[in-house]
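The values are calculated or read from the model by the stated rules, or taken from the named source; none is laboratory data. Because the structure is predicted, anything quoted here is derived from the model rather than measured. Ideal geometry is used to build each Cβ from the backbone, glycine not excepted, and the neighbour counts take in all protein chains shown. Note: areas computed on protein heavy atoms with side chains; ligands, DNA, RNA excluded. Shrake-Rupley method; radii C 1.70, N 1.55, O 1.52, S 1.80 Å.
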Amino acid sequence: MDDALLIAGKRFTSRLLIGTGKYPSFEVMKQCHEASGAELVTVAVRRLDLKAQGEASLLNWIDTSQRTLLPNTALCYTAEDAVRTCRLARELGMSHWVKLEVLGDEKTLFPDVEQTLAAARILVKEGFVVLPYTTDDIIIARKLEDAGCAAVMPLAAPIGSGLGIRNPHNLRLLREAVKVPVIVDAGVGTASDVAIAMELGCDGVLLNTAVAGARDPVRMARAMRLGVEAGREAFLAGRIPRKAYGSASSPLDGLVG
Amino acid sequence: MVLVVNGERREVPAGCTVVDLLQLLGIRGRVAVERNGTVLRQGELAETRLVEGDVLEVVTFVGGGA
């Protein structure tokens, strides 16, 4: 059965999106990407270190024939800076897709949704495929969708916190509120978190630290792939209703004795 | 003439283009350049002549998630 994730008309077999930060080495990162099966890979845009010429380039370690780059605007705090970063990312010539992220608070790394929306409107007009990091607020999610964003990416907990899905009800409401894919971005810590996000009906999960920071990152990348698949399958299969009391699954008739 | 490249002052020959600057700095990989707040198209790098006091940002992709 075809169960592809469609974003802006592009088809992805994997519903896991993965980052490129904080791995012990590029080699481990590459192995994690392979183990995760992710087809969308986030990268950051930063000043080139003019003193570190000849340093191994990140792009040498990403198989761009199999994976689409998703440049991010991580740690931008204004719409203006985010738009600048996206324009630079596009000139790097690998992708016109962007993970838009405009933060509003240094401690929680929560998004500034006003600035995010302002940036999204400009970027969509300029032809970018915009995937915005946002809160789990359905009102702002609808506005981002109306602005032409290709998906909405609500947090489940603060970026890098590993706290897991703190807002299952809001994520479920959000899934009902918009038509574009809902991709949980930020907060997952382990495979069961990812499975929960998928069981809620979310269309995908973006993660980085949970894999890069695990004791065995490659193994965790595989666990995340399986978590996404298990959660998605369970969502499509339809879980049983919760009951207050026991309900035997063996026949009551024909008991011995 | 003096330019500011990624926040650092750099002395370069007068009249050089952005491509000349990248060569002077020994930059070979994939980069994008912003000049005085405006992102340059790749096709503009060879023809854009720099002037005294230009502020340039030279960026590339690095590892990052969120």
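Helical content alone sets the calculated 222 nm signal of chain B at -2500 deg cm²/dmol, taking -39,500 (n - 2.57) per DSSP H segment of four or more residues and averaging over every residue. Panel note: contact residues of region B:28-66 (accessible area lowered by at least 50 Å² against the chain on its own; 1.4 Å probe) correspond to B:Arg30, B:Glu34, B:Val39, B:Val59, B:Thr60, B:Phe61, B:Val62, B:Gly64, B:Gly65, B:Ala66.
Beta bridges assigned by DSSP with both partners in region B:2-60 are antiparallel in approximately 85 percent of cases. The mean number of Cβ atoms from other chains found within 10 Å of a Cβ in peptide B:4-11 is 2, as a whole number.
The helix-only estimate of mean residue ellipticity at 222 nm for chain A, built from DSSP H runs of length n ≥ 4 each weighted as -39500 (n - 2.57), is -10500 deg cm²/dmol after division by the residue total. Largest first, the residues B:Arg35, A:Arg215 sort by 1.4 Å accessible area into A:Arg215, B:Arg35. Scalar couplings 3J(HN,Hα) for region A:40-51, obtained by applying the Karplus form with A = 6.51, B = -1.76, C = 1.60 to θ = phi - 60°, are 10, 10, 7, 9, 9, 10, 9, 3, 5, 7, 5, 8 Hz; x denotes Gly and Pro.
Each peptide in A:68-76, A:181-189 receives the mean, over its residues, of other Cβ atoms within 10 Å, and ordering these scores from highest gives A:181-189, A:68-76.
Among beta bridges from DSSP that stay inside chain A, the antiparallel ones total about 15%. Run the numbers on region A:41-164 and let me know its relative contact order in percent, using alpha-carbon pairs under 8 Å that are six or more apart. Reported as a whole number, the value is 19 percent. For chain A, the longest principal axis of the Cα atoms and the long axis of helix A:113-125 meet at an angle of about 70 degrees. Please compute the net charge surrounding B:Phe61, taking Lys and Arg as +1 and Asp and Glu as -1 over other residues with Cβ under 11 Å from its Cβ. Cβ neighbours under 11 Å give a net charge of +2.
In what order, largest first, do A:Lys107, A:Lys51 sit by accessible area if the probe radius is 1.4 Å? All intermediate terms of the calculation are to be shown ahead of the outcome.
Working: A:Lys107 190, A:Lys51 155 Å².
Of A:Lys107, A:Lys51, the descending order of accessible area is A:Lys107, A:Lys51.
Entry note, chain B: relative contact order of 45 percent, from Cα contacts under 8 Å with a spacing of 6+ residues. Across chain A, C-alpha contacts under 8 Å between residues 6 or more apart give a mean separation that, scaled by the residue count, equals a relative contact order of 18 percent.
Sorting A:Glu34, A:Glu145 by accessible area (1.4 Å probe), largest first, what list results?
On the way: A:Glu34 105, A:Glu145 45 Å².
The ordering from most to least exposed comes out as A:Glu34, A:Glu145.
Straight-line reach from A:Lys125: taking Cα to Cα under 27 Å and skipping same-chain neighbours fewer than 8 places apart, the lysines in range are A:Lys10, A:Lys99, A:Lys143, A:Lys179. A 1.4 Å probe, protein heavy atoms only, puts the accessible area of A:Asp253 near 140 Å².
Within region A:200-219, find all residues whose amide N lies under 20 Å from a label point positioned 7 Å from the Cα of A:Asp2 along Cα-to-beta-carbon. In region A:200-219, the label zone of A:Asp2 (backbone N under 20 Å from the point 7 Å along Cα→Cβ) covers A:203-204.
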